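Engineer: Take a look at the following structure, please.
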Amino acid sequence: MTATAATATARRVTGPLCTVALAFVVACAPVSLQAAQADPYERGMALLERGDAEGALTLWIAARDSLSAEGAEDARIGTAFIRAVTESGLERFEEIATVMFYWGFSGVATERTREEIMAEGRRTFTLVDSSAVEYWDAIGRQDAGGLALAVKRFWIERDPTPATLLNERLIEHWRRIADARRDFVYNHSSAYRTDDRGTFFVKYGLPDRVTRGHLRVSESERRSLELPLDYIARFDQQPQYEIWRYATMHPGEFTYFLFGNTDGTGPFRHVQGLHEILSPSARASGEARHRGIRAQYYLEFFYYEDLARMGGPYGLRFAELERRWFSSRRPNEGALEAISRRNISDDQWAGREALPPAISQYDDRPRSALSAQAARVLERGEPRLLVMAVSSPIWLPGTDEGAIRDSVTLAPYTASHTVIARDGRLSEIARAGMLAVDGPGHLSTLVLRHRNEIRHLSVSARHDVHEEDEDPDPAARLPGHLHFIVDQPLVATSDATAEDPAGPERTEPAIATATTDFEVSDLIVGIAPRPELELGDLPVPLLPATRFWRDDPLRVYFEVYRPAPVASGDLDVRVYLNPVAFTNPAVPLPDVEQSDLETGAIALTMESPQPLGGHFLTRSTWS
């Protein structure tokens with residue numbers, strides 16, 4: 001590795017930070033640890049039922065360490081704790097609520113906790129889509145502990161401020177659940193024990209406009225159509241309805257969601273359109289006709305009059321029906337049926353429109369741009385993790401006084417990058433600041449000793465903008481963050497003292513000189529650095545990148561560690577760039593022009609020559 005990218009000393013922080021937080025809270029209301037150990041979840045729930053939320057929280061905090069020592073982390077306590085905090089508005093407990101939630105979903109599953117893990121899986125993956133819920137339901141039935149870890153990883157990777165204890169997005173999610181359970185409970189059909197409105201509220205927050213009421217026949221319109229009261233009363237079930245409108249879900253247009261009693265008197269749920277609310281008897285043929293027109297089409301006219309209060313497509317449909325019914329010539333059933341079928345088709349097409357999985361003040365706020373790469377490598381025969389990161393804050397223009405408008409520049413800033421390492425249970429085991437390659441820290445690198453227990457890495461970027469007056473709301477900036485699943489360490493070479501033949505600057509991929517095992521590093525993907533950039537001791541000859549413009553030459557870097565008797569030209573290296581493949585026996589690989597390529601996975605396959613038994617390894621990454 002490079003001389004400047006020396007192994008960093010990882011600093012354990014989870015224990016001390018949590019200890020401080022726990023000590024503060026426990027001091028507020030000490031409780032007997034022995035009593036908590038008896039049945040802490042049930043005892044805490046009993047305190048909640050008596051209205052003592054803080055007592056329940058304190059009991060669960062006190063029980064945490066003893067349960068962990070026994071390997072008995074409890075998902076029920078994890079969700080009950082964060083639910084009590086958000087329902088009771090106990091903001092000072094929000095940091096420890098995040099910690100307790102993560103603790104409860106550390107991969108431990110028992111018969112007592114399996115049901116809660118499954119329920120939390122549905123509450124969590126509903127934020128993605130229904131197929132994700134079905135997939136994780138199936139996983140959870142076979143491996144509830146695996147589902148618990150999937151839930152924990154989901155929230156870790158959506159934490160807008162990963163370098164702090166508080167996960168603001170997780171707290172926002174549970175606040176929404178608390179509000180939904182208070183306000184949207186015509187039934188308990190959703191994963192959140194609410195009606196369908198609760199699901200939309202948890203996913204998208206409050207709509208910008210709501211109309212609600214009962215759909216019913218207007219007396220004045222009934223008389224104007226000369227419709228007998230006893231006839232239409234047979235079909236008018238006066239179903240309840242509600243329309244939610246979101247203004248920001250799709251740029252330049254409103255998005256509407258309709259809720260109502262299915263079939264007129266059925267469950268109150270989300271429906272595609274009015275056709276699902278009309279009673280079956282009104283849609284039937286035969287005696288349901290008056291003057292040759294089915295009751296369905298009379299009700300559609302009357303009900304759209306109520307829905308038109310929202311405007312949008314409902315107002316347009318009512319306006320069309322009103323013109324038809326009150327034109328000089330009354331419409332026949334065929335014309336009304338054509339309008340009805342077209343509206344149903346439009347509703348069904350709208351139901352297929354792609355929607356954002358969720359809307360959040362944290363998910364949707366601008367955050368710092370960050371590109372990072374994490375790769376397993378060998379350094380002098382020993383396994384290491386090489387992390388590279390480059391970032392910039394939200395673009396903040398700075399101008400000199402009197403300069404013309406086109407002479408804007410990026411406001412000066414200093415970047416700092418933090419790496420957080422987690423074990424197989426996604427519990428934090430270490431964190432370290434990355435070492436700057438350039439002065440301001442825009443580009444940073446870190447080399448960690450690759451311990452067996454490291455299974456997950458998070459990279460977080462923080463920026464200090466030097467011209468704060470250029471930013472009207474500095475608090476609105478969120479740090480960028482990326483996450484990596486880490487595989488087993490590379491196989492150490494038989495000679496741990498072998499020198500790195502690439503030298504300190506790594507301008508050529510390294511080929512180890514004293515090993516008995518063929519080994520390949522992970523891929524590092526990026527772009528070639530421009531000659532005018534002064535990057536100092538760049539550990540590998542590329543800038544890390546996560547997204548690429550078509551004009552950027554894609555550079556794939558890797559290192560091969562193999563026995564010396566095999567000459568460089570005998571190494572067969574194949575790189576498949578989906579869907580394009582090229583072969584080059586030399587290393588490093590040439591830059592790949594992307595102008596004619598489709599985006600997709602980059603898969604690298606390396607094959608050693610037959611004298612070594614035809615052994616080959618595969619390394620893959622995604623652009």
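The values are calculated or read from the model by the stated rules, or taken from the named source; none is laboratory data. This is a predicted model, so every value here is computed, not measured. Backbone-built Cβ (ideal geometry, glycine too); neighbour counts: all protein chains shown. The protein model used for the area step is the full one, side chains on, heavy atoms only, and it has no ligands, DNA or RNA in it. Shrake-Rupley method; radii C 1.70, N 1.55, O 1.52, S 1.80 Å.
Engineer: If you go through the range 300-327, how many residues are more than 43 Å from the chain's Cα centre (by Cα) and either assigned to a helix (DSSP H, G or I) or crowded, with 21+ Cβ neighbours inside 10 Å (or both)?
Structural biologist: Matching residues across the range 300-327 total 5.
Engineer: Here are some residues: 87, 54. Which one is modelled with pLDDT of 95 or more, over 29 Å from the mean Cα position of the chain (by Cα) and assigned to a helix (DSSP H, G or I)? Explain how you work it out, then say what you get.
Structural biologist: Working: 87 fails: over 29 Å from the mean Cα position of the chain (by Cα).
Only one candidate qualifies: 54.
Engineer: Residue 233: among the hydrophobic types (A, V, I, L, M, F, W, C) and open to solvent by 30 Å² or more (accessible area, probe 1.4 Å), yes or no? First the steps, then the outcome.
Structural biologist: Details: among the hydrophobic types (A, V, I, L, M, F, W, C): yes; open to solvent by 30 Å² or more (accessible area, probe 1.4 Å): yes.
Yes.
Engineer: For the list (1) open to solvent by less than 10 Å² (accessible area, probe 1.4 Å); (2) without any contact (Cβ under 8 Å) to a residue 60 or more places away in the chain; (3) under 32 Å from the mean Cα position of the chain (by Cα); (4) within 20 Å of residue 349 (Cβ to Cβ), I need the number of the one condition that residue 242 fails.
Structural biologist: Among (1) open to solvent by less than 10 Å² (accessible area, probe 1.4 Å); (2) without any contact (Cβ under 8 Å) to a residue 60 or more places away in the chain; (3) under 32 Å from the mean Cα position of the chain (by Cα); (4) within 20 Å of residue 349 (Cβ to Cβ), the lone unmet condition for residue 242 is (4).
Engineer: Hey, another quick one. Give me the pairs: first residue in the range 473-494 and under 19 Å from residue 456 (Cα atoms) and open to solvent by 50 Å² or more (accessible area, probe 1.4 Å), second residue aliphatic (A, V, I, L, M) and modelled with pLDDT of 90 or more, beta-carbon distance under 9 Å, and six or more apart or on different chains, which are they?
Structural biologist: Here the result reads 485/457; 491/378, each pair linking the range 473-494 to a residue that is aliphatic (A, V, I, L, M) and modelled with pLDDT of 90 or more.
Engineer: Which numbered condition in (1) free of Cβ contacts under 8 Å to residues at least 40 places away in the same chain; (2) buried (at least 16 other Cβ atoms within 10 Å of the Cβ) is the only one that residue 370 fails?
Structural biologist: Every listed condition holds for residue 370 apart from (1).
Engineer: Given the conditions (1) within 30 Å of residue 447 (Cα to Cα); (2) at pLDDT below 90, and given that residue 26 satisfies all but one, which numbered condition is not satisfied?
Structural biologist: (1)
Engineer: Sort out which residues of the range 114-154 are within 24 Å of residue 480 (Cβ to Cβ) and in a helix (DSSP H, G or I), and write them in order of number. Full working, then the answer.
Structural biologist: Here is the first cut: in the range 114-154, the residues within 24 Å of residue 480 (Cβ to Cβ) are 124, 127-128, 150-154.
124, 150, 151, 152, 153, 154, listed by residue number.
Engineer: Output the number of residues of the range 155-171 satisfying the condition of being in a helix (DSSP H, G or I) and either without any contact (Cβ under 8 Å) to a residue 24 or more places away in the chain or open to solvent by less than 20 Å² (accessible area, probe 1.4 Å) (or both). Before you say what the answer is, go through the steps one by one.
Structural biologist: Step one: filter the range 155-171 for residues in a helix (DSSP H, G or I), giving 155-156, 168-171.
Checking the rest, the ones that are also either without any contact (Cβ under 8 Å) to a residue 24 or more places away in the chain or open to solvent by less than 20 Å² (accessible area, probe 1.4 Å) (or both) come to 155-156, 169-171.
Within the range 155-171, residues that are in a helix (DSSP H, G or I) and either without any contact (Cβ under 8 Å) to a residue 24 or more places away in the chain or open to solvent by less than 20 Å² (accessible area, probe 1.4 Å) (or both) number 5.
Engineer: Given the options 73, 95, 120, name the one that is open to solvent by less than 40 Å² (accessible area, probe 1.4 Å) and touching a residue at least 40 places away in the same chain (Cβ under 8 Å). Working first, answer last.
Structural biologist: Numbers: 73 fails: touching a residue at least 40 places away in the same chain (Cβ under 8 Å); 95 fails: open to solvent by less than 40 Å² (accessible area, probe 1.4 Å).
Going through 73, 95, 120 in turn, the sole match is 120.
Engineer: Quick check, is residue 209 open to solvent by 10 Å² or more (accessible area, probe 1.4 Å) and at positive phi?
Structural biologist: No; evaluated as a whole, the condition is false for this residue.
Engineer: Among the residues of the range 184-195, is any among the aliphatic types (A, V, I, L, M) and open to solvent by less than 30 Å² (accessible area, probe 1.4 Å)? Give the derivation first.
Structural biologist: Let us first name the residues in the range 184-195 that are among the aliphatic types (A, V, I, L, M), namely 185, 191.
Subsequent filtering for residues that are open to solvent by less than 30 Å² (accessible area, probe 1.4 Å) retains none.
Among the residues of the range 184-195, not one is among the aliphatic types (A, V, I, L, M) and open to solvent by less than 30 Å² (accessible area, probe 1.4 Å), which makes the answer no.
Engineer: Given 157, 115, 120, which one is under 17 Å from residue 365 (Cβ atoms) and modelled with pLDDT of 95 or more?
Structural biologist: 157
Engineer: Restricting to the range 264-290, name every residue that is acidic (Asp, Glu) and either within 17 Å of residue 217 (Cβ to Cβ) or at pLDDT below 95 (or both). Let's see the steps before the verdict.
Structural biologist: Initially, the range 264-290 is screened for residues acidic (Asp, Glu), giving 276, 287.
287 - this is the single residue of the range 264-290 that is acidic (Asp, Glu) and either within 17 Å of residue 217 (Cβ to Cβ) or at pLDDT below 95 (or both).
Engineer: Now for a different question. Quick check on residue 61: is it within 21 Å of residue 178 (Cβ to Cβ), free of Cβ contacts under 8 Å to residues at least 40 places away in the same chain and not in a loop (DSSP other than H, G, I, E, B)?
Structural biologist: yes
Engineer: Counting just the residues of the range 160-176 that are of a type outside the set (Phe, Trp, Tyr) and in contact with a helix residue (DSSP H, G or I) (Cβ under 6 Å, 6 or more places away or on another chain), which one comes out farthest from residue 95 (Cα to Cα)?
Structural biologist: Within the range 160-176, the match that is farthest from residue 95 (Cα to Cα) is 176.
Engineer: Does the range 464-485 hold any residues that are of a type outside the set (Val, Ile, Thr), at pLDDT below 85 and part of a strand (DSSP E or B), and which are they?
Structural biologist: Within the range 464-485, 464, 478 qualify.
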